[in-house]
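Asker: Sharing a structure here in structure tokens format.
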Amino acid sequence: MTNLIAVPDGEGALSEGLVVEASVVARLFRVRLLEIDASLVVAPADVQGRTPAVRPRTLTRRPTIGAGLVAAERAIDEGAASLAASRAHA
């Protein structure tokens with residue numbers, strides 16, 4: 001974990017910043033499951049203790065369409081066989 005310290009920038013005016021307020025409510029069949037209220041202040045600042053730059057990942061090869069279908073079919077067949085065996089023993 002990296003600690004970031006934001007110090008007000010002496011060159012920029014606070015009036016160049018902005019405040020973003022957001023509210024999100026998640027409901028399922030009219031039942032409130034989650035409510036998030038957030039306020040974010042964006043202001044000119046110098047940031048100290050930055051994390052090292054993250055290098056973008058590069059793909060060595062492009063995945064081919066349908067490459068995992070054989071494994072998926074095998075997993076479905078194994079699941080069906082396991083379900084049939086458990087029903088036979090019940």
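We did not get these values from a lab; they are worked out from the coordinates using the rules stated. Quantities reported herein were computed from a predicted structural model and do not represent experimental measurements. All Cβ positions, glycine included, derive from the backbone under ideal geometry; neighbour counts span all protein chains shown.
Asker: Find out how many positive minus negative residues lie around A71, taking Lys and Arg as positive, Asp and Glu as negative, among other residues whose Cβ is under 15 Å from that of A71.
Answerer: -2
Asker: Tally Lys/Arg at +1 and Asp/Glu at -1 over every other residue whose Cβ is under 11 Å from the Cβ of S23; what's the total?
Answerer: -3
Asker: For the pair V31 and A85, what calculated FRET efficiency results from E = 1/(1 + (r/R0)^6), where r is the Cβ-Cβ distance and R0 = 41 Å, to the nearest 0.05?
Answerer: E(calc), rounded to 0.05, equals 0.60.
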